[in-house]
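To start, the structure itself, in structure tokens.
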There are 2 protein chains.
Amino acid sequence: MPRNGRSNGSEALDAIVVGAGVIGLASAWRAAQRGLRVRVLERDEPGAGASGVAAGMLAPVGEATWGEDLLLQAALSSHRAWPSFAAELRDLTGEDSGLIQGGALHVALDADEAAELRRRYDLMISLSLEAEWLRGRECRELEGGLGPAVFGGVHAPHEAGLDPSALVRALRAACELAGVDVRCGARPCEALWDGDALSGVRTEDGDEHRAARTVLAAGAWSGSVGWLPEPARPPVRPVKGQILTLRGPRSGSVAGRIVVTERVYLVPRADGRLIAGATVEEMGFDTRVTAGGVHELLREAYRALPDIAELELERAVAGLRPGTPDNAPLVGPGNVEGLLLATGHFRNGVLLAPLTADGVAALLCEDALPASLAVADPSRFTGVAS
Amino acid sequence: MPRNGRSNGSEALDAIVVGAGVIGLASAWRAAQRGLRVRVLERDEPGAGASGVAAGMLAPVGEATWGEDLLLQAALSSHRAWPSFAAELRDLTGEDSGLIQGGALHVALDADEAAELRRRYDLMISLSLEAEWLRGRECRELEGGLGPAVFGGVHAPHEAGLDPSALVRALRAACELAGVDVRCGARPCEALWDGDALSGVRTEDGDEHRAARTVLAAGAWSGSVGWLPEPARPPVRPVKGQILTLRGPRSGSVAGRIVVTERVYLVPRADGRLIAGATVEEMGFDTRVTAGGVHELLREAYRALPDIAELELERAVAGLRPGTPDNAPLVGPGNVEGLLLATGHFRNGVLLAPLTADGVAALLCEDALPASLAVADPSRFTGVAS
């Protein structure tokens, strides 16, 4: 019997993962596939944070912007991994993540937006991304429901979408098949130490969870975990996003593919739902759905696809993304020995999950991080080489 | 033991009221106060129909339009009755209906709307209604949160609002104190007859409810009650309305009084809620909340009161108003002996409840209908004088 409380589970663990969102579950699954003994601690239910609210866009081309080349390379790398990642999950668990590889159409709704989108298109081409410029008429030929305001657009035929809630179910099932111990309602409250090294956490129920490594995958809450000493908390803040679920009478009735404007993205699901997201708001841990947020999403969605007016507004909800100072994630060693970070994915958690999971599993096995994850090295904020 | 099923309740009833919305409950209460034995049959819960969705505006001045003078007189008569009606309810039951006599400001958001509102203002004055024309600046002096689009407006200082859900609670309590037997989950399925005269209904649980008069107060469902022979069903159809509940941090933060535009009305509650209603849609028995409906309400609310953007969108819901061919209610004898109608109040059910209740109670006591209810005479649709 250990001195400080009940031990929990007779076998020694290789890793504890704190947080059962897409990042935590995917990382735990990949680690378990490499033979590690892994436990996931989730204070609520799997996907209770941003994963349960996300639209599930896999659209790296549209994210291309100036000065974020390394992040784009990570996104493209993870994007390439998605089809086999989703297929493997489905084959193992029978759960379908709702992956639709239907492409995306990024549209401009006036001349100013068109000029800006054209500049971004030129950047896409300079980066050798798969994208085609279309004039307004050509956009409407591709996507018949587009409104008359559409000035022009960029067709990215390889972009895709999936259903993050379905993905969480699949990942949880895969974790359990791989022997991961997923514990819900388990809220860490105190770090366990072995000298200066983190050796696990105690949860509020009094259980102690000891492992060689503790992976912090707590999403927007990663920067404010009370059980870590303040200097060990990563620079992660919540970034609020409001998002709508619209429901049509059948699949594909309003849009055949993802449609993205400067202010809204519209992601069709196979079952007739259309997800309209998302605001980006610095509001702390506020998850209120506001009149202004819903208004902006509906207004812009209506400008792009007027037929959405007839769809049922099934859900309006707000989630919290884990933002970092430079919008890139944190995957790598934390500020204390024994701590690994897998957080800070901001708007790209679903997209970056396969790559992040491979990275976390590699680090837990003392392997090198994939080169495309260099952008996520946490040491960029501490000045200490990892 | 009657031949055709179980009798229910040992005493003979004077009246059965079908429907426990604001109209049915108010009518039952007033009838019981006059010494009648009354039972209310509600298939769901009190206020489950339009009463639970309504904004609760008591704004007859704003309803003034050409060719509806008699309806306006009924509305003004009932409006005058409201303060004492609400006070009596509160004194009897301790339940507050949330009546706020703060006036209403009817605003025009562009020059066209201003010209139309000015014409309606001239009509109001010709009808001796209490109303004052204000220029845009004067509107903003009265209601500081109004947006720059406001061109002009009409201030109606005696208009008021209340909380229909609170009103339903008060009316139910008052009914029970007055000895009314309010039965929930009681769904009529068959008429009972005494020769050619309606003598009550049988409910789905097999109970028989016999009374000298049956009052149909089933709101939007009044025109399609299966237990009445088709010729006896009144010409009532459902008119869909979508409505939003916004919530602010405290009372009066966004609007100090009711604000009405051509397309939306905004009704403040004492607890900080602001009700934004309502669409008017001919969609049959459809209560889906749609992207288009919510968008229109939020857009227009934002044009009038930009500060609503920060309010929480707490609820979006659709209800069904009981519409008639001429928008006036039906209060009086139905097409078969023993049937009374108290339905068809369209957008004015809460406003017209005190007057309607007095009218129903009078008819049940063989008294004359109040003169101001002449507009509601059902015989106007049958050609048969009542």
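Of all trypsin sites (Lys or Arg not before Pro) in segment B:272-348, which ones are in loop regions per DSSP and have a Cβ with at most 16 other Cβ atoms within 10 Å? Hits after loop and neighbour filter: B:288. Give me the inter-chain shielding for A:302-308: mean count of other chain Cβ atoms within 10 Å, whole number please. Average neighbour count from other chains, rounded to a whole number: 2.
For segment A:266-385, what is the per residue volume of the convex hull drawn over the alpha-carbon atoms, in cubic angstrom?
Values: hull volume 17.8 nm³, N = 120.
Spread over its residues, the Cα hull of segment A:266-385 gives 149 Å³ apiece.
Summed over qualifying helices (DSSP H, 4 residues or more, each -39500 (n - 2.57)) and divided by its residue number, chain A shows a 222 nm mean residue ellipticity of -9000 deg cm²/dmol. Remark on residue A:265: its backbone amide H falls under 5 Å from those of A:277, A:278, a criterion applied only to residues 5 or more positions apart or on other chains, H modelled at 1.01 Å from N. Per the accessible-area calculation with a 1.4 Å probe, the total area buried between chain B and chain A rounds to 1400 Å².
Each residue, residue A:90 and residue B:187, gets one label point 7 Å from its Cα in the Cβ direction; the gap between the two is 4.1 nm.
What a 1.4 Å probe finds exposed on segment A:249-351 is 45% carbon and sulfur by accessible area, rounded to a whole percent. Accessible surface calculations at 1.4 Å, restricted to protein heavy atoms, place segment A:170-225 at 38 Å² per residue.
3J(HN,Hα) along segment A:338-349: x, 9, 10, 9, 8, 7, x, 7, 6, 8, 10, x Hz, from the Karplus curve 6.51 cos²θ - 1.76 cosθ + 1.60 with θ = phi - 60°, whole Hz, x for Gly and Pro. Here's how it looks for residue A:273: its modeled amide H is under 5 Å from those of A:248, which are all 5 or more places away or on a different chain. Approximating the spin labels as points 7 Å out from Cα along Cα→Cβ, the residue B:194-to-residue A:382 distance works out to 8.9 nm. FRET efficiency for the residue A:176 to residue A:285 pair, using the beta carbon distance and R₀ = 30 Å, is estimated at 0.50. Summing Lys and Arg as +1 and Asp and Glu as -1 over all other residues whose Cβ lies under 9 Å from the Cβ of residue B:203 gives a net charge of -1. If every alpha-carbon in segment A:160-299 counts as one equal scatterer, what log10 I(q)/I(0) does Debye give at q = 0.14, 0.19, 0.21 1/Å? Treating every Cα as an identical point scatterer, log10 I(q)/I(0) equals -0.90, -1.16, -1.25. Sorted from shortest to longest, the distances between the residue A:149 label points of this copy and the other copies are 1.3 nm, with each point 7 Å from Cα along the line through the beta carbon.
For segment B:285-295, backbone phi angles converted through the Karplus equation (6.51, -1.76, 1.60; θ = phi - 60°) give residue-by-residue couplings of 8, 9, 10, 6, 7, 10, 4, x, x, 5, 4 Hz, Gly and Pro being listed as x. In terms of its alpha-carbon gyration tensor, segment B:60-126 comes out oblate; a/c meets the 1.5 threshold, while b/c is at least as large as a/b. Residue by residue along A:287-300, Cβ atoms of other protein chains within 10 Å of the local Cβ number 6 on average. Could you compute the FRET efficiency for residue B:66 and residue B:207, with r as their C-beta to C-beta distance and R0 at 45 Å, rounded to 0.05? Result of the calculation: an efficiency of 0.40. Shielding by partners for peptide B:311-319, expressed as the average number of C-beta atoms from other protein chains within 10 Å of each residue's C-beta, is 3. For segment B:114-131, putting each phi into the Karplus relation 6.51 cos²θ - 1.76 cosθ + 1.60 with θ = phi - 60° gives couplings of 5, 5, 5, 5, 5, 4, 5, 4, 4, 4, 4, 5, 5, 8, 6, 7, 7, 7 Hz, in residue order, rounded to whole numbers and with x for Gly and Pro.
Label-to-label distances for residue B:90 across copies, nearest first, come out at 6.2 nm, using points 7 Å from Cα in the beta-carbon direction. Counting from the shortest, the label point at residue A:336, 7 Å from Cα toward Cβ, is 7.9 nm from the same position in each remaining copy.
Would you mind getting the accessible area per residue of segment A:24-138, heavy atoms of the protein chains only, 1.4 Å probe, in Å²? Walk me through the intermediate numbers first.
Details: 4950 Å² over 115 residues.
Ligands and nucleic acids excluded, the figure is 43 Å² per residue.
For chain B, the longest principal axis of the C-alpha atoms and the axis of helix B:69-93 are separated by about 80°.
Just to verify a number: FRET efficiency for residue A:337 and residue A:262, C-beta to C-beta distance, R0 = 35 Å, to 0.05?
Numbers: r = 44 Å, r/R0 = 1.27.
Working from the Cβ atoms, E equals 0.20.
With the highest mean first, a sort of the peptides A:254-264, A:348-358 on other beta-carbon atoms found within 10 angstrom per residue produces A:348-358, A:254-264.
Expressed as a whole percent, the accessible area of segment B:14-75 that falls on carbon and sulfur atoms is 47 (1.4 Å probe). Taking Cβ atoms as reference points and 10 Å as the exclusive limit, the residues near residue A:270 contribute a net charge of -1, counting Lys and Arg as +1 and Asp and Glu as -1. Note on exposure: A:175, A:184 ranked by accessible area (1.4 Å probe, complete protein assembly) read A:184, A:175, with the most exposed listed first.
Determine the sum of side-chain charges near residue B:96: Lys and Arg each +1, Asp and Glu each -1, restricted to other residues whose C-beta is under 12 angstrom from that of residue B:96. Working shown, then result.
Working: positive: B:90, B:169, B:269; negative: B:91, B:95, B:163, B:271.
Net charge in that neighbourhood comes out at -1.
The values are calculated or read from the model by the stated rules, or taken from the named source; none is laboratory data. Owing to the predicted nature of the structure, the values given are computational and were not obtained by experimental measurement. For neighbour counting, all protein chains shown are included, and Cβ atoms are generated from backbone atoms with ideal geometry for every residue, glycine included. Protein only, heavy atoms only, side chains kept; ligands, DNA and RNA dropped before computing areas. Shrake-Rupley method; radii C 1.70, N 1.55, O 1.52, S 1.80 Å.
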